[in-house]
Amino acid sequence: MAEQDGPALPGTIGFVGLGRMGEPMVRRLAAAGVTVRGHDALPRPALADVVTLVDKAADVADGVPVVILMLPDSNVVDAVVRDAGLLDALAPGTVLVDMGSSEPLRTRSLAEEVASRGAVLVDAPVSGGVTGATAGTMTIMVGGPDDTVAALTPLLAVLGRVRHVGGVGAGHALKALNNMMSAAHLLASSEALLAGQRFGLDPAVMLDAVNGSSGRSGSTENKWPNFVLPGTFDSGFALTLMLKDIRIALGLAEATGTPSALSARTVELWAEAAAALGPDADHTEIVRWLRRTDPSTGE
Ligand code: NAD
């Protein structure tokens with residue numbers, strides 16, 4: 001066990017996916033005294049001081065009780081777990097934690113396969129972005145068996161606020177639904193703020209008033225003031241990843257026969273923005289796309 005004052009943490013864990021979110025997460029884990037054996041498809045030399053880097057995903061699993069995945073989507077999770085041999089490398093009793101935003105039904109099916117090896121799959125996707133990952137203030141929506149989640153909680157608590165929301169797949173379902181709300185809020189608030197601006201209102205003045213009013217959301221409290229108004233558009237969450245998440249949420253709504261007219265329109269608009277802005281766009285750049293007909297700036 002790692003040396004620290006709080007509850008027991010595993011001494012060593014495996015971690016696959018050292019990207020925008022994975023990097024600050026492994027830095028926090030290392031700072032908490034956990035030894036991290038990590039892998040990414042790309043070389044990550046900047047992490048060599050905090051992570052023992054290995055060349056193959058399967059090699060992170062050797063002798064560790066927990067392996068965390070922080071990968072883009074279910075296709076990549078399948079590629080790493082099924083095709084790249086991680087599944088075969090999991091010893092019985094190992095807990096595989098998918099902290100990316102994957103598809104809940106595919107998570108459930110993967111959980112059965114993992115269980116057939118005597119290991120356990122837990123989904124633990126996060127909200128809070130790169131800022132929350134760096135500060136350890138993410139909300140972590142966990143799906144899995146009670147005893148496994150209880151044993152995992154001290155480790156996850158290094159990364160954020162742990163919420164056990166149901167059985168396996170529940171975390172991934174809730175994360176997609178959360179992002180549908182977030183994506184719709186960003187569109188709605190941006191349309192309103194742009195209209196106010198064209199009417200002559202100052203966006204900073206509008207945000208100050210709205211954030212004490214009923215129109216406030218994560219978009220008005222965080223995304224607009226921190227990434228849109230300064231013009232940096234650098235939240236660290238890709239527009240393509242948001243589109244992936246809201247397609248999952250729309251699929252859930254449709255599969256459950258839930259009214260989803262606004263969700264469907266939200267997906268259409270985000271898909272149009274993704275096509276126009278390209279694969280490297282930050283999700284906050286959807287405001288740039290909305291502004292594209294601004295007569296005063298010609299953008
Ligand atoms: P990212 O693209 O920055 O990182 C993903 C990493 O996975 C990359 O380093 C990539 O090289 C690696 N990778 C891809 N294929 C691989 C493979 N076959 N083997 C090994 N490594 C591979 O993405 P991110 O922003 O860190 O997001 C990760 C997950 O977290 C996504 O599911 C995303 O939806 C979710 N998420 C992101 C944010 C955010 O603000 N960025 C917030 C909440 C949730």
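The values are calculated or read from the model by the stated rules, or taken from the named source; none is laboratory data. All values derive from a computational prediction rather than experimental measurement. Note: ideal-geometry Cβ built from the backbone for every residue, glycine included; neighbour counts use all protein chains shown. Protein only, heavy atoms only, side chains kept; ligands, DNA and RNA dropped before computing areas. Shrake-Rupley method; radii C 1.70, N 1.55, O 1.52, S 1.80 Å.
Do we find that ARG108 is open to solvent by 10 Å² or more (accessible area, probe 1.4 Å), closer than 22 Å to THR256 by Cα and away from the ligand (no atom under 12 Å from the Cβ) in this structure?
Numbers: open to solvent by 10 Å² or more (accessible area, probe 1.4 Å): yes; closer than 22 Å to THR256 by Cα: yes; away from the ligand (no atom under 12 Å from the Cβ): yes.
Here the answer is yes, as ARG108 does meet what is asked.
Residue by residue, here is whether (1) farther than 26 Å from MET70 by Cα; (2) under 17 Å from the mean Cα position of the chain (by Cα) holds:
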{"site": "ALA173", "(1), (2)": "no, yes"}
{"site": "LEU177", "(1), (2)": "no, yes"}
{"site": "ALA188", "(1), (2)": "yes, no"}
{"site": "GLN197", "(1), (2)": "yes, no"}
{"site": "GLY212", "(1), (2)": "yes, no"}
{"site": "GLU221", "(1), (2)": "yes, no"}
{"site": "TRP224", "(1), (2)": "yes, no"}
{"site": "PHE233", "(1), (2)": "no, no"}
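Name every residue in region 121-133 that is more than 13 Å from the chain's Cα centre (by Cα) and either within 13 Å of the ligand (Cβ to nearest atom) or closer than 14 Å to ILE13 by Cβ (or both), in order of residue number. Step through it out loud before you land on a result.
Taking region 121-133 and keeping what is more than 13 Å from the chain's Cα centre (by Cα), we get 121-122.
Within region 121-133, VAL122 is the sole residue that qualifies.
Look through region 120-148, keep the residues that are closer than 16 Å to ASP78 by Cα and of a type in the set (A, V, I, L, M), and return whichever of them is surrounded by the fewest Cβ atoms within 10 Å (Cβ to Cβ).
Per the criteria, the residue is VAL120.
If you take just the helices (runs of 4 or more DSSP H) that sit entirely in region 140-255, which of them hold at least 1 residues that are within 15 Å of the ligand (Cβ to nearest atom)? Don't jump to the end; show me each part of the working.
Working: elements: 146-157, 170-199, 203-210, 239-255.
Once the helices (runs of 4 or more DSSP H) in region 140-255 are filtered for at least 1 residues that are within 15 Å of the ligand (Cβ to nearest atom), what remains is 146-157, 170-199, 239-255.
So ASN179 passes all but one of these: (1) without any contact (Cβ under 8 Å) to a residue 40 or more places away in the chain; (2) in contact with a helix residue (DSSP H, G or I) (Cβ under 8 Å, 6 or more places away or on another chain). Which condition number does it fail?
The number of the failed condition is (1).
Taking the options ASP49, ASP73, ASP98, name whichever one is more than 20 Å from LYS175 (Cα to Cα) and modelled with pLDDT of 95 or more.
On the way: ASP73 fails: more than 20 Å from LYS175 (Cα to Cα); ASP98 fails: more than 20 Å from LYS175 (Cα to Cα).
Only one candidate qualifies: ASP49.
Mind listing whichever residues of region 34-51 are part of a loop (DSSP other than H, G, I, E, B) and crowded, with 16+ Cβ neighbours inside 10 Å? Walk me through how you get there before you give the answer.
Residues of region 34-51 that are part of a loop (DSSP other than H, G, I, E, B), as a first pass: 34, 40-44, 48-50.
Matches in region 34-51: VAL34, ASP40, ARG44, VAL50.
Could you look through region 132-180, keep only residues that are of a type in the set (S, T, N, Q) and not assigned by TED's automatic domain parsing to the domain that holds THR94, and pick out the one that is nearest to THR266 (Cα to Cα)?
Going residue by residue through region 132-180, those that are of a type in the set (S, T, N, Q) are 134, 137, 139, 148, 153, 178-179.
Narrowing the set further to residues that are not assigned by TED's automatic domain parsing to the domain that holds THR94 leaves 178-179.
On the way: ASN178: 13, ASN179: 11 Å.
Ranking the qualifying residues of region 132-180, first place goes to ASN179.
Here's the yes/no breakdown for (1) outside the structural domain of ASP73 (by TED's automatic domain parsing); (2) over 27 Å from MET99 (Cα atoms); (3) modelled with pLDDT under 95:
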{"site": "SER190", "(1), (2), (3)": "yes, yes, no"}
{"site": "ARG198", "(1), (2), (3)": "yes, yes, no"}
{"site": "LEU201", "(1), (2), (3)": "yes, yes, no"}
{"site": "VAL205", "(1), (2), (3)": "yes, yes, no"}
{"site": "ASN211", "(1), (2), (3)": "yes, yes, no"}
{"site": "GLY231", "(1), (2), (3)": "yes, yes, no"}
{"site": "LYS244", "(1), (2), (3)": "yes, no, no"}
{"site": "ILE286", "(1), (2), (3)": "yes, no, no"}
{"site": "GLY298", "(1), (2), (3)": "yes, yes, yes"}
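Are there any pairs, at least 6 apart or on different chains, whose C-beta atoms fall under 7 Å, with the first in region 259-279 and over 15 Å from ALA238 (Cα atoms) and without any contact (Cβ under 8 Å) to a residue 12 or more places away in the chain and the second acidic (Asp, Glu) and not in a loop (DSSP other than H, G, I, E, B), and if so, which?
Qualifying pairs under 7 Å: SER260/GLU254.
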